[in-house]
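Report on the structure given below.
What follows draws every value from the coordinates through simple rules; no lab data is involved. Computed from a predicted structure; not experimentally measured. FYI the Cβ positions are ideal-geometry reconstructions off the backbone, even for glycines, and counts take in every protein chain you see.
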Amino acid sequence: MGVMSGGQAAVAAIEVEEVKTVFGLIGSATMEMFDALYDSESINFVGVHDERTGTHMADGYARVSGETGVILAGQNGPGATNLVTGLGQAKAAFSPVVSIAGALASGHVYRDAFQEVDQQAIFTPVTKKTWTATGTDRVPEMFREAFRTALSPRRGPVQLNLPRDVLSGQHDFEDLQRPNAYRNTSLPSAGAQGVVAAAELLQNARKPVIVAGGGIKNTGGHKAAIYLAETVNCPIVTSPGHGDAVPFGHPLNAGQMGPRGNVVASRLVKEADVILALGTRLGFNSTFYSYDNINRDAQIIQVELEPTAIGRFFPVAVGIWADAPSAARQIADAIGKIVQRHEIADWTATFQEERGAFLAKRDAEAMMGAGPIQPSGLFKVFRDVIPKDAAITMDAGTLCLQATDALNYWSPKSLHTPMDFGLVGFSYACGLGIKCAQPDRPVVSLMGDGGFGMTISELSTAVDHNINTVTVVMNNGCWGAEKAYQRDFFNGRYIGADVSSPDFAKAAELYGAVGYSVDEIGEVGDAITAALACGKPAVVDVAVDPNALYSFRRDSFKHRGG
């Protein structure tokens, strides 16, 4: 490549990785990189208003594209520390984000210099790995390692700190290596012994169920999971936040299980005699680590790409370290070769009857009448008007948690939540990142008023870059989950629970977006339909009954007798 600065080499290294979009906030610490980005013909730079939300955009981009999302914090110190929350969220979601930040000049370290903070120490707990570059000549090497680490199983975010002197220094670089084998590495398949053991357990089961998790969703492995389910003729439930792991319309799909799931799917896992955990840890959101949410007597087959997750929370009869879709196909093929299988048609037929009744009841009991808008009615409208090919993002909070299993997800990678990190303020920015990765796809972001208030400044980013998503603010004037706990377990002693907000529809107009204000349930569908068609970033501000609150974590307050 010849003589160039560290900043130029950094951009060249990103170009070699075939990165198409970089999210970031300009700052003096990485000015050499920004100057090099100015000359890049292959990278689209999306300037954001906050490094945290920019990281959520990179996270969303990575989730749907299967490639790395890249965020560049221009400033060391406060610009870098703003990345921490977003990287904590990406780590919990195993999202391959490459985060880059400027760092203090090497000669100023440990001198209490301007904006000095130990970035290596700060980022280590919230990333898969963190590096601080030690010399200009090593910039391409460290970028190559950052991308390799982010994309290698199990995927996750990485942080690269680039000192000012490293970026401004000059070096005579050789031609950069092209992306190496980590992009085409075969994932491990199941060993024969585990496949046979799993097949025999399923073949002899009377009440088998498959729990499909992120290992199916994130790999696009739904066809393999369905192939196995159809071979066994058993229901599939999905782990929380992964309700899109298999298409909603498949007759064996029971929906989301666990404490935040629906009653039909949750019952299946509580009554099953064999549970195949397919690409899921059976972790907190699925089980609360409790046999209250999973049959104590069930024999568990667990397929996981991360070996330390196998049997971590519940003892397993068969543990298989493998790529979940590959293992599903292997097990299905092995079952197909077994001539005699126990009949489980009654188990599955009963589930399908209950599932149909549940879905019919959900629609029939949706509150569509006059008066304050109720979540059940709002969710029914969402099911009716949100396009089947839409990507839907969620925030944390009581309304979004209710919505995760109340909507219909017709294809994988259509639901994106902050479930494992429980982050408020994630949904809107994540949706912007998804839209950048898939510009022709409808994107609908659901938020509460508190969470949208945290991130409303990114409306400028959306308007400036024509990122036309639809944001539905479910506005109940409070921090709903916490207010529900104060109501149910602390005798209504409310403190800090209520939220004041501007008229979000008018605020959207001030930013140059389109705003819709909705006070009646009959107006919601038309507003969302218009927002999807308007050709601009759009915000639909929906007034939801502030008393329609639900306490999800009742287990946390058992000591209070609730």
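Here are some notes:
- ³J(HN,Hα), Karplus 6.51/-1.76/1.60, whole Hz, each residue of the stretch 125-135, x for Gly, Pro: x, 10, 9, 5, 7, 10, 10, 10, 4, 9, x
- Candidate aspartates and glutamates for bridging to K217, where Cα separation is under 14 Å - those fewer than 8 sequence places away on the same chain excluded: D244, E304, D323
- DSSP beta bridges confined to the stretch 2-183 are antiparallel in about 15 percent of cases.
- In terms of packing, defined here as the mean over residues of other Cβ atoms within 10 angstrom, the peptides 275-281, 381-387 line up highest first as 275-281, 381-387.
- For the listed peptides 503-511, 534-542, a ranking on the average number of other beta carbons within 10 Å per residue, highest first, reads 534-542, 503-511.
- Residues whose amide H comes within less than 5 Å of that of S411, counting only those at least five positions distant or on another chain, are F248 (H built at 1.01 Å from N in the peptide plane).
- The stretch 192-354: C-alpha gyration tensor shape, a/c 1.5 cut-off, then a/b vs b/c: rounded
- When DSSP beta bridges are restricted to pairs lying wholly in the chain, around 5% turn out antiparallel.
- Near the amide H of I373, within less than 5 Å, lie the amide hydrogens of D545, all on another chain or at least 5 residues away, with H placed in the peptide plane.
- The ranking of M394, M1 from fewest to most other beta carbons within 10 Å of each one's beta carbon is M1, M394.
- Cα-based Kirkwood hydrodynamic radius, the stretch 2-183, one decimal, Å: 15.7
- Distance violations [Cα-Cα > 22 Å] among K20/K435; K413/K483; K361/K558: K413/K483; K361/K558
- Per-bin percent of Cα-Cα distances, the chain [10 Å]: 4, 18, 26, 25, 18, 8, 2, 0
- Per DSSP, loop GluC sites (Glu not before Pro) in the stretch 256-351 with at most 12 further Cβ within 10 Å: E343
- Estimated from helical segments only, the mean residue ellipticity of the chain at 222 nm is -11000 deg cm²/dmol, where each DSSP H run of four or more residues counts as -39500 (n - 2.57).
- Exposure proxy ranking, count of Cβ atoms within 10 Å, fewest first, for S40, S445: S40, S445
- Scattering profile of the stretch 422-562 at q = 0.11 Å⁻¹ [log10 I(q)/I(0), Debye over alpha-carbon scatterers]: -0.45
- Among beta bridges that DSSP assigns inside the stretch 366-557, antiparallel share in %, nearest 5: 5
- Between the beta carbons of R296 and T124, assuming R0 = 41 Å, the FRET efficiency works out to 0.60 to the nearest 0.05.
- Pairwise FRET efficiency - D498 versus R383, Cβ, R0 = 30 Å, nearest 0.05: 0.50
- Fewest-first sequence of W321, W479 by Cβ atoms within 10 Å of each Cβ: W321, W479
- Working note: Cα gyration tensor of the stretch 284-335, eigenvalues times five, square-rooted, sorted largest first, giving semi-axes of 22, 13, 9 Å.
- Reachable lysines from K129, criterion Cα separation under 17 angstrom, eight or more residues apart if same chain: K91
- Three-way shape label, the stretch 1-47, alpha-carbon gyration tensor, a/c 1.5: oblate
- Near A277, the amide H atoms lying under 5 Å from its own belong to V211, I301, Q302, V303; only residues 5 or more places off or on other chains count, and H is placed 1.01 Å from N.
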